[in-house]
Amino acid sequence: MAIRVQADAFDPGAEVNAMHAANAGVGAVVSFVGYVRDFNDGRDVSGMFLEHYPGMTEKALAKIGVEAGQRWPLLKLEVLHRIGALEPGEPIVFVAAASAHRQAAFDACAFVMDYLKTRAPFWKKENTPDGPRWVEGRSSDHAAAERWK
Amino acid sequence: MSINVLFFARYAEAVGFDSLEMEGDFATVDAVRLALASDPEFAVLNESSLMCARNEQLCDLNEPVQAGDEIAFFPPVTGG
């Protein structure tokens, strides 16, 4: 399992390729990439800042990854999350799960994203024409996480 | 006992700083929260959607507190 919290940009394609590079037992890789949008809740967004809780962030992501590994037969799991300043169009988050067969990879990837959305200590602050504003948590994210209980 | 309290994101902006050392006897995380929230400056801690962590792990408000703990209060997370 690889957990990375970084300010630097990353290449999602290269990350996907690395998921099976050293393991011919991998039959399925499912990945998710989240991007910064240029519009949210009725306002243009010209960029955002991602605050986090150094120390807890890595632990929270690792805990989610361990739980995914206990639920599904994974061969590899990667979670990569950006922090700091980001512009529209940039990738924010990358989650990929590798397994022998597809269903475990599909489910683990969705599970990690749903748990990350509700349990990992990140906060987005968007730049809009009206000034910066904190993004509000969504109840739909909690409903999505509930389905794994 | 002494504990360290952290605030993040909108909460840090609302209270005006991101950490605070507290002295006193606190049985639970909620006791820490209530001790602060009696001051209007910390009114944000009364929000029902408040989240908290003890020693870098998400916890409930009734989580016990020990000397030296790091307690964090923050709004709902919005990563991903």
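Brief remarks follow.
- Matching residues, region B:39-80, being free of Cβ contacts under 8 Å to residues at least 12 places away in the same chain and acidic (Asp, Glu): B:Asp39
- Boolean, A:Glu58 is in a strand (DSSP E or B), within 17 Å of the chain's Cα centre (by Cα) and of a type outside the set (A, V, I, L, M): no
- Filtered residues of region A:34-58 (kept if under 14 Å from B:Gly79 (Cβ atoms), within 11 Å of chain B (Cβ to nearest Cβ) and not aromatic (Phe, Trp, Tyr)): A:Gly34, A:Met48, A:Leu50, A:Glu51, A:His52, A:Pro54, A:Met56, A:Thr57, A:Glu58
- Selection over region A:106-127 of residues that are more than 7 Å from chain B (Cβ to nearest Cβ) and out of contact with any helix residue (DSSP H, G or I) (no Cβ under 6 Å at 6 or more places or on another chain) gives a count of 7.
- Extreme residue, surrounded by the most Cβ atoms within 10 Å (Cβ to Cβ), among residues of region B:39-54 that are within 13 Å of another protein chain (Cβ to nearest Cβ) and polar (S, T, N, Q): B:Ser49
- Taken over region A:9-40, the residue count meeting the criterion of being touching a residue at least 40 places away in the same chain (Cβ under 8 Å) and over 16 Å from A:Lys76 (Cβ atoms) is 9.
- Note on region B:1-38: among residues that are away from chain A (no Cβ under 14 Å) and assigned to a loop (DSSP other than H, G, I, E, B), the one that is nearest to B:Glu63 (Cα to Cα) is B:Ala27.
- Put simply, of A:Val16, A:Val93, A:Val29, A:Val66 the only residue that is assigned to a strand (DSSP E or B) and over 21 Å from A:Pro132 (Cβ atoms) is A:Val29.
- In the set (1) within 14 Å of chain A (Cβ to nearest Cβ); (2) in contact with a strand residue (DSSP E or B) (Cβ under 7 Å, 6 or more places away or on another chain); (3) of a type in the set (S, T, N, Q), B:Gln57 fails one condition alone, (2).
- Filtered by the rule that a residue be under 19 Å from B:Pro75 (Cβ atoms), over 12 Å from the mean Cα position of the chain (by Cα) and aromatic (Phe, Trp, Tyr), region A:92-149 gives A:Trp123, A:Trp134.
- Only residues that are away from chain A (no Cβ under 11 Å) and out of contact with any strand residue (DSSP E or B) (no Cβ under 6 Å at 6 or more places or on another chain) were counted across region B:68-80, and they come to 1.
Rule-based calculations on the coordinates, nothing more; no lab input. Just so we're clear, the structure is a prediction, and the values are computed from it rather than from any experiment. Don't worry about glycine lacking a Cβ; one is built from the backbone with ideal geometry, like all the others, and counts go over all protein chains shown.
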